[in-house]
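Colleague: I am attaching a structure below and will ask some questions about it afterwards.
The values are calculated or read from the model by the stated rules, or taken from the named source; none is laboratory data. Every value quoted in this text rests on a predicted model; they were computed, and no experiment measured them. Cβ: placed from backbone, ideal geometry, glycine included. Neighbour counts: every protein chain shown.
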Amino acid sequence: MSYDAIIIGGGACGLMCATQAGLLGKHTLLLERNDKVGAKILISGGGRCNFTNLGTSVAKFVSENPKFLHSALSLWTVADTMHFFSAYGNIVGEEKTLGQLFPKSNKAKDIVSVFTRLLYETGQDIWLNTDVKSIDKEGDHYVVKADREGKEQRLSCPKVVIATGGLPVAKLGASDFALRVARHFGLSIVPTAPALVPLTITGKDAAWYATLAGNSVFARVYNTKISFEENILFTHWGLSGPAILQISSYWRAGETFTIDLLPRFNLTEIIKQERGLGGKRTVGQLLQDYFPRRLVDGLKKFLPTDVKVASLSKSDAALVAQTIHHFEVKPAGDKGYDKAEVMRGGISTEELDSRTLAAKKHPGLYFGGEAVDITGWLGGYNFQWAWAAGYMIAQDL
């Protein structure tokens, strides 16, 4: 059968690409390794799917060339995403926090259903349980070799879209396929690493973090590049929570970052006010106004928590404020791709046309989504990029 394009990968980018191509009257074949499409969509946001973010802008993405995103974010906007899901799935976005939009139903499957219905209605073909082995160029066509339920398939098409994602969550079919194809065709790769990932603490401080496992605190986490104000979570192996996942995209091995455990208060002023009231409470009792008891107990390692505020020396008062507002952390590493939300790095944007995502060196070969060196913040940004990438590619098929 003749196709306008073969799309490899039935995740967010691939589904949007095939759907938009269908709406334009084109005929595509979508190849998916799993036994269903949208596997990562279905587990995102705890099964609720944070499908975009009202605050989307170039500044919310990590890349060696963030300006590359200007075309994508203008050609397919957040408003376009909201209209698409509303028009085709009657899905209304509900803002939870920090611009994050979820379906009002809180069901990720509703998002996937929009695509599966439209793909059926526009006559697009889907092959599930299909593992693509290689892609080569023969004349003006690309030859795709795949294993479909144990049978070898050889497909030929003038246009091929690689939307197979990145390395996180191997159990959902994640692989380095897109990177291997890019290298095969001579495209440069920005070094990859887990992003939006929990960070680990080892050595002498490991036991201290483990004793605080389960404690969650609103904090400001920052380094010389960026700052985030959200919750952090102490764990048996280190730190997690939204603010930690966010800073992980800007952290490199060997570096430190700082946590302000009380970002919306000034502890120096709080101590001064407590002294004005007589200072009869201990430092620990004062801190219990702001932190869980177990965290306050843990802070005994660093602070004179049993000393009454009235008895605090000037240097000890400064130590308390410094420790709470400037708590330094030097992670040993991260929890790896299986615990990461996304992959950092990927196919260099220098290799792609910013308006079509076609490889400049190889007309008819497209790369979109997570495999490209575009990594969004936590909170729906990566989905917005995936929808935009799928839309842009579809216009050129």
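Colleague: Quick one: is Leu69 in the same structural domain as Gln384 (by TED's automatic domain parsing), under 21 Å from the mean Cα position of the chain (by Cα), in a strand (DSSP E or B) and touching a residue at least 12 places away in the same chain (Cβ under 8 Å)?
Modeller: Judged against the criteria, Leu69 is not a match.
Colleague: Still on this structure, I have one more. Looking at Ser86, is it surrounded by fewer than 16 Cβ atoms within 10 Å (Cβ to Cβ) and either of a type in the set (Gly, Ala, Ser) or modelled with pLDDT of 95 or more (or both)?
Modeller: yes
Colleague: Here are some conditions: (1) surrounded by 15 or more Cβ atoms within 10 Å (Cβ to Cβ); (2) in contact with a strand residue (DSSP E or B) (Cβ under 7 Å, 6 or more places away or on another chain); (3) within 30 Å of Leu196 (Cβ to Cβ); (4) of a type in the set (D, E, K, R). Arg148 meets all but one. Which one does it not meet?
Modeller: The one condition Arg148 does not meet is (3).
Colleague: Okay, next question. Which residues, taken from segment 253-283, are out of contact with any helix residue (DSSP H, G or I) (no Cβ under 6 Å at 6 or more places or on another chain) and part of a strand (DSSP E or B)?
Modeller: Thr258, Ile259, Thr282
Colleague: Shifting gears a bit: Looking for something touching a Lys or Arg at 6+ places or on another chain (Cβ under 6 Å), surrounded by fewer than 21 Cβ atoms within 10 Å (Cβ to Cβ), in a loop (DSSP other than H, G, I, E, B) and polar (S, T, N, Q) - is there at least one such residue anywhere in segment 170-193?
Modeller: No: zero hits.
Colleague: Residues being within 13 Å of Arg264 (Cβ to Cβ) and surrounded by 19 or more Cβ atoms within 10 Å (Cβ to Cβ): count how many of those fall in segment 219-238.
Modeller: The number of residues fulfilling the criteria is 2.
Colleague: Ok, one more. Tell me, which strands (runs of 3 or more DSSP E) wholly within segment 287-397 include 2 or more residues that are closer than 29 Å to Leu233 by Cα?
Modeller: The qualifying strands (runs of 3 or more DSSP E) are 327-329, 342-347.
Colleague: Return the residues of segment 9-38 that are within 27 Å of the chain's Cα centre (by Cα) and farther than 21 Å from Lys109 by Cα; say none if nothing qualifies.
Modeller: Ala21
Colleague: Does at least one position in segment 368-375 carry a residue that is hydroxyl-bearing (Ser, Thr, Tyr) and without any contact (Cβ under 8 Å) to a residue 60 or more places away in the chain?
Modeller: The answer is no; no qualifying residue exists.
Colleague: Just to be sure, is Lys137 in contact (Cβ under 8 Å) with a residue 40 or more places away in the chain, in the same structural domain as Leu352 (by TED's automatic domain parsing) and either assigned to a helix (DSSP H, G or I) or small (Gly, Ala, Ser) (or both)?
Modeller: No.
Colleague: Name the pairs: first residue in segment 167-185 and in the same structural domain as Lys361 (by TED's automatic domain parsing) and closer than 14 Å to Gly346 by Cβ, second residue in a helix (DSSP H, G or I) and modelled with pLDDT of 85 or more, Cβ to Cβ under 7 Å, at least 6 apart or on different chains?
Modeller: These pairs meet every condition: Ala178/Ala371; Leu179/Ala371.
Colleague: Let me confirm something: among Asp334, Asp338, Asp373, Asp353, which residue is modelled with pLDDT under 95 and among the acidic types (Asp, Glu)?
Modeller: That would be Asp338, the only listed residue that is modelled with pLDDT under 95 and among the acidic types (Asp, Glu).
Colleague: Still on this structure: Name the single residue that is nearest to Phe218 (Cα to Cα) among those in segment 91-108 being in a strand (DSSP E or B) and in contact (Cβ under 8 Å) with a residue 60 or more places away in the chain.
Modeller: Looking at the filtered set, the residue picked out is Gln100.
Colleague: Please enumerate the residues belonging to segment 39-54 that are outside any helix (DSSP H, G or I) and surrounded by fewer than 22 Cβ atoms within 10 Å (Cβ to Cβ).
Modeller: Arg48, Leu54
Colleague: A further question on this structure: Phe218 versus (1) in a loop (DSSP other than H, G, I, E, B); (2) under 26 Å from Gly379 (Cβ atoms): which is the lone unmet condition?
Modeller: It is condition (1) that Phe218 fails.
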